[in-house]
Amino acid sequence: MKQLTLFSASFWSKVLVLSLFSGVSGFAQIGGKDAFQFLQLPASAHVAGIGSENVSVRDRSVGTVWQNPALLSDTMNHDLMMTVHPYYAGVFHSHLQYATKIKNSGLWSFGLAYFNYGKIDQTLPNGTSVGTYNPNEFAVSATKSHTIGLFSIGGTLKLAASQITSDYNAAALLVDAGGSFKHPKQDWTVGLVVKNIGFPLKNYYKDADITMPFDVQLGTTFKPAHLPLRISVTAQKLYQFDISYNDPALNKQVTFDGSAEIKEESVLSKGFRHMVIGAELLLSKNFHFRVGYNSLIRRDLRLQTKAGVAGISWGFMLRVKRFEFSFTRAYYHVAGGTNYIGLVVNTSDLFGRKNK
């Protein structure tokens with residue numbers, strides 16, 4: 001009887017919300033195929049503010065290494081990032097990321113991502129309530145990078161775990177592999193990353209067929225000389241060209257002979273679904289304003305009659321003494337958005353240690 005509690009409508013509705021609002025076509029999630037979708041959420045308010053996907057922006061913010069391990073650099077030594085993200089329907093997401101040099105091993109970054117679905121009613125097949133449960137997921141990570149001239153390569157090892165109930169839980173081992181190129185003279189960076197290559201260590205139940213949230217992303221960030229503007233363009237889901245969901249109930253059109261056919265998206269429209277565009281206005285070293293556009297989120301989560309601000313995000317960074325505060329408002333649907341609140345602090349400054 002316990003097995004049937006997995007089909008709680010409230011739980012799967014929250015899983016669907018997560019899979020959709022992570023910027024993926026989450027329709028397979030209900031079938032139990034895809035797991036650990038929370039790994040696709042941005043770790044920092046910075047990345048969330050410029051479209052939620054970015055593999056090329058070089059900044060002091062250590063949260064960028066979650067997007068591309070090759071972005072880890074010595075400027076992040078002793079940086080600690082903390083992000084809180086109240087999600088939809090009582091769901092809560094948070095992330096910690098820290099970078100430090102280890103003797104005889106160089107600079108490393110360690111992370112903890114946590115996702116909580118909130119309290120959910122546990123019911124029998126006849127609808128009788130037998131209590132509540134609190135599904136949650138988390139991942140711990142370790143990142144290392146190496147620079148050779150103008151190129152950097154890096155890797156992140158992740159151990160992810162998911163617990164729905166005490167009887168239903170899963171674990172997986174995953175790897176991100178990334179590279180980046182920095183122009184020797186211009187403020188221009190290119191990044192490439194293959195994300196979440198992995199396999200389950202433990203399935204929810206015997207013979208369960210789950211897959212990892214695999215992705216391939218390519219992006220570039222450029223700051224024109226003498227302009228306080230930084231622009232990023234990122235292409236996601238490059239392992240598959242057509243990532244559109246063509247709902248036959250919404251995309252029917254009647255031909256001249258009276259028959260109905262499904263209206264297909266154009267090649268250009270399908271290609272643009274992959275694109276994420278972000279811009280940052282660098283008004284001073286202590287204040288940045290950010291805006292982002294995620295085409296996939298906007299196209300998949302818009303209403304049939306209007307899109308509103310779905311797929312749009314905006315935010316800012318404010319640096320006060322040793323503390324860097326970030327805020328982002330990301331809109332996933334016309335019904336509203338979510339907030340990311342972040343703090344970055346250098347612990348060597350905070351506790352009076354010297355960077356080495």
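The values are calculated or read from the model by the stated rules, or taken from the named source; none is laboratory data. Model, not experiment: these values are computed from the prediction. Methodologically, a virtual Cβ is constructed for each residue, glycine included, from the backbone with ideal geometry; neighbour enumeration extends over all protein chains shown.
Being closer than 30 Å to Met76 by Cα, touching a helix residue (DSSP H, G or I) at 6+ places or on another chain (Cβ under 6 Å) and at pLDDT below 95 is a condition met by at least one residue of the stretch 196-217. Taking Gly154 as the residue in question, decide whether it is assigned to a strand (DSSP E or B), without any contact (Cβ under 8 Å) to a residue 24 or more places away in the chain and of a type outside the set (Lys, Arg). It is false that Gly154 is assigned to a strand (DSSP E or B), without any contact (Cβ under 8 Å) to a residue 24 or more places away in the chain and of a type outside the set (Lys, Arg). Filtered by the rule that a residue be surrounded by fewer than 24 Cβ atoms within 10 Å (Cβ to Cβ) and either within 18 Å of the chain's Cα centre (by Cα) or of a type in the set (Ser, Thr, Tyr) (or both), the stretch 62-84 gives Ser73, Thr75, Met82, Val84.
Here's the yes/no breakdown for (1) assigned to a strand (DSSP E or B); (2) surrounded by 12 or more Cβ atoms within 10 Å (Cβ to Cβ); (3) at pLDDT below 90; (4) over 19 Å from the mean Cα position of the chain (by Cα):
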{"residue": "Glu261", "(1), (2), (3), (4)": "yes, no, yes, yes"}
{"residue": "Ser269", "(1), (2), (3), (4)": "no, yes, yes, yes"}
{"residue": "Ile277", "(1), (2), (3), (4)": "yes, yes, no, no"}
{"residue": "Leu281", "(1), (2), (3), (4)": "yes, yes, no, yes"}
{"residue": "His288", "(1), (2), (3), (4)": "yes, yes, no, yes"}
{"residue": "Val291", "(1), (2), (3), (4)": "yes, yes, no, no"}
{"residue": "Arg299", "(1), (2), (3), (4)": "no, yes, yes, no"}
{"residue": "Leu303", "(1), (2), (3), (4)": "no, no, yes, yes"}
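Residues in the stretch 145-180 that are under 23 Å from the mean Cα position of the chain (by Cα), surrounded by fewer than 19 Cβ atoms within 10 Å (Cβ to Cβ) and over 25 Å from Ile102 (Cα atoms): Ala161, Gln163, Asn169, Ala171. Just one of (1) touching a His at 6+ places or on another chain (Cβ under 6 Å); (2) part of a loop (DSSP other than H, G, I, E, B) fails for Ala113. It is (2). Tell me yes or no: at least one residue of the stretch 102-114 is over 25 Å from Val345 (Cβ atoms), in contact (Cβ under 8 Å) with a residue 12 or more places away in the chain and hydroxyl-bearing (Ser, Thr, Tyr). Checked the stretch 102-114: no residue is over 25 Å from Val345 (Cβ atoms), in contact (Cβ under 8 Å) with a residue 12 or more places away in the chain and hydroxyl-bearing (Ser, Thr, Tyr). Residues in the stretch 332-356 that are touching a Leu at 6+ places or on another chain (Cβ under 9 Å), surrounded by 15 or more Cβ atoms within 10 Å (Cβ to Cβ) and either in a strand (DSSP E or B) or modelled with pLDDT of 95 or more (or both): Tyr332, His333, Val344, Val345, Asn346. Comparison of Asp215, Asp209, Asp176 shows that the only residue that is touching a residue at least 12 places away in the same chain (Cβ under 8 Å), in contact with a Ser or Thr (Cβ under 7 Å, 6 or more places away or on another chain) and under 21 Å from Gln37 (Cα atoms) is Asp176. For the stretch 229-259, taking the residues that are surrounded by 13 or more Cβ atoms within 10 Å (Cβ to Cβ) and among the β-branched types (Val, Ile, Thr), the one that is modelled with the lowest pLDDT is identified as Ile243.
When residues in the stretch 59-95 are screened for being hydrophobic (A, V, I, L, M, F, W, C), out of contact with any Lys or Arg (no Cβ under 7 Å at 6 or more places or on another chain) and either part of a loop (DSSP other than H, G, I, E, B) or farther than 24 Å from Asn286 by Cα (or both), 3 of them pass.
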